[in-house]
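Working notes, beginning with the structure itself.
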Amino acid sequence: YAHMLAHTLLQALLGAMGAFRGEACPLTASHHDEKAGVECEATGPSAAAAYQEQVKQVLEAASWPWPEHVMLDPSKQPRFVSSVEEFWSELQLGCHMNEVIIFPGGLHAMGQQDVMDPQIRAALGFAPEACEASRAASAYEVLERLAPTGALERMKGKIMYRVPGSAEHKGHSAGGTGNNILGPKFEALKEECPEEARSSAYLAEIRLFKPEVCVDGLRKKRKSTLSRTMRERCHTLGVDVRKMLFWDDYSEGTFIGGNLSAYDLHVDCIPSSNLGSVFSGHKLLAIWAHGPDTASIMKEHSRELFVPPLSGPQSAALERACCVTLASPGSIYVFSGTNAHTVCNVGFSSALPASPPRPCLCVSSYEAFVGLHTRHVDALLVAVEEASEDDQDIHEFTEEVAEAAAGIIDRVKGKEGHLDRATLASVNYVLARSARMQDICDKELLRLAQYDRELTERREKEADAASGAAAGGAPPPPAAADRGADAVAGGDDEDAGGGDADAESDADGKVRKHHRKLRKISKREHASSIDSALRVSPGVRTTTPAPAWHPASPQTHRKSS
């Protein structure tokens, strides 16, 4: 928070200095980065008015793919944040159920404007040395440029397209609906997709096929194609991202599509919120209120593409949406994936004073998270309770949330001192209402306690051995760099890492290796094995229900919320 406060003060100081000189603040003024293909618009109190003007300019250039009266309806407008600390507060504490939150210019304010994978950036024609004429005109062309580089074998994802003139408003998946290596999917696209439909190709959920080493202080490997995720950026700004119940940036994907490419109407299979970053182009997003409205719209239009020409029922469905938004280049936006939602890409840049919006590709990325507000926690708990026994995604998600809760409790019990009341109240709220999460949390606390005890014992033995070796003139223990390989042997993709410069000691490595095996056993539901392996007193159970904690809303929500 100190880092963020300093950043805010710097913004204010720069703005004041610019106003004094008659100049605009570089972090908040409207500008266009010709080389990077990233745009940023004004923030602050005028954001709502600037948004309305932006909608008119861009959607007129795109021939209004969605009805004008819906897009300009004041009751369906997004809510805006205008600073880094307000953005973080919204992520962690805010309620955005039935709303879309937009941070105009957020990528520049967060320092996230240049985080695209270098191979993807080059294929798009966004490299610093590239001219505007060299930019790709379609996602199909991006695939053609990536193919000779070997990137299509390094990455996986989905490739979708739609046949022009189709009255069904349904998309097609090249090479199947699964998230798989892009190389075979591109070959399938070339065979299956008519030439006139290639411009509609949409690359979705692009991520690395195998995890690669990263140095971010949070993990050792990940599959995201971004050089730095939003979670990692918040961490470097001094924010404690481990306060969140869930934040998945390990393998969240990048999306690339041309004008009127789209993602169909759906509800996310994991009850989390979406954090979107728009690097180029505009995103049309419609959401429907959580509960009966979402159930109704899913029954009527599930998996339909909302692209022109819209059918009469689709236009009527958009009129029933609780929020309809146009997210601009350079912006960050947030909404709940438990709301039924659909996306249509608008392949135009923002208008500049001297020129209208220009055609371009839409490029974005997403991360998933669960904040601490009880409205979002309640949606999580309902989804967990209603999940079927064979829903592996929900069960793994439940384990991650429960283990995150255990980590928070473990830190409060003495490792890292005080955590704020909001975090503790939310953890207690979850565990008091889910016996399964409480059980997983207790086992994780046992594992953490045993880990600490074994690590202490091994370090004491190492210290005694080192003292004895020093007294007898024996050679010192192996260097830290040599211990790294032992530390990661047998680890899984998400936990394993290479022998980096700050590799663990022998004690750290052996204990970590042992406990990775225990976690694998746990995730195979052999709880009895863990119970027998961890013979320590259980941690304090948080069975006393905590009162539901609702943070004060930064502004009055609409009735639909």
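The values are calculated or read from the model by the stated rules, or taken from the named source; none is laboratory data. This structure is a prediction, so every number in the text was calculated from the model and none was measured. Ideal geometry is used to build each Cβ from the backbone, glycine not excepted, and the neighbour counts take in all protein chains shown. When the accessible area is computed, the model is the full protein with side chains, heavy atoms only, and any ligands, DNA or RNA have been set aside. Shrake-Rupley method; radii C 1.70, N 1.55, O 1.52, S 1.80 Å.
Kindly flag which residue pairs out of 243/299; 56/190; 76/299; 220/243; 76/156 have an alpha-carbon separation exceeding 31 Å in this structure.
Numbers: 243/299 36 Å; 56/190 36 Å; 76/299 22 Å; 220/243 20 Å; 76/156 35 Å.
Pairs exceeding the cut-off: 243/299; 56/190; 76/156.
By the gyration tensor of its Cα atoms, with a ≥ b ≥ c the square roots of the eigenvalues, what is the shape of the range 196-271: rounded for a/c under 1.5, prolate for a/b over b/c, or oblate? In terms of gyration-tensor shape, prolate. Under a 5 Å amide H cut-off, with hydrogens placed 1.01 Å from N, residue 171 pairs with 305 among residues at least 5 apart or on other chains.
Its relative contact order, with pairs defined as Cα atoms under 8 Å and 6+ residues apart, puts the range 267-366 at 50 percent.
Taking the protein heavy atoms of the range 128-278 in the context of the full set of protein chains, the accessible area attributed to carbon and sulfur is 50 percent at 1.4 Å. Straightening the chain between residue 236 and residue 63 buys 58.1 nm, computed as 0.36 nm per residue apart minus the Cα-Cα spacing. In this structure, the amide hydrogen of residue 253, modeled 1.01 Å from its nitrogen in the peptide plane, lies closer than 5 angstrom to those of 366, counting only residues at least 5 positions away or on a different chain. Checking the a/c ratio against 1.5 first, then a/b against b/c, what shape does the Cα gyration tensor give for the range 291-378? Note, shape of the range 291-378 comes out oblate. If you take all other residues with their beta carbon under 13 Å from the beta carbon of residue 187, and give Lys and Arg +1 and Asp and Glu -1, the sum is -2.
Computed from backbone phi with θ = phi - 60° and the Karplus coefficients 6.51, -1.76 and 1.60, the 3J(HN,Hα) list for the range 59-74 is 6, 5, 5, 8, 6, 6, x, 10, x, 4, 5, 6, 5, 9, 5, x Hz; x is used for glycine and proline.
Report the chymotrypsin sites (Phe, Trp or Tyr not before Pro) located in the range 75-136 that are in a DSSP loop and have at most 10 other Cβ atoms inside 10 Å of their Cβ, or state none. List each step's numbers first, then the result.
Details: sites: 80, 87, 88, 126; in loops: 126.
Answer in residue order: no site qualifies.
Placing unit charges on the Cβ atoms only, positive for Lys and Arg and negative for Asp and Glu, gives the range 348-412 a dipole magnitude near 880 debye about its Cα centre.
The figure for residue 190 is an accessible area of roughly 80 square angstrom, using a 1.4 Å probe on the protein chains alone. The phi-based Karplus calculation (6.51 cos²θ - 1.76 cosθ + 1.60; θ = phi - 60°) puts the 3J(HN,Hα) values of the range 237-254 at 7, x, 7, 7, 6, 6, 6, 6, 5, 7, 7, 9, 10, 5, 9, 5, x, 9 Hz, whole numbers, x for Gly and Pro.
Around the amide H of residue 117, modelled in the peptide plane, lie the amide H atoms of 227, all under 5 Å away and 5 or more residues distant in sequence or on another chain. Taken one residue at a time, the phi angles of the range 133-141 give Karplus couplings (6.51, -1.76, 1.60, θ = phi - 60°) of 5, 8, 6, 5, 9, 7, 5, 4, 5 Hz. Gly and Pro are set to x.
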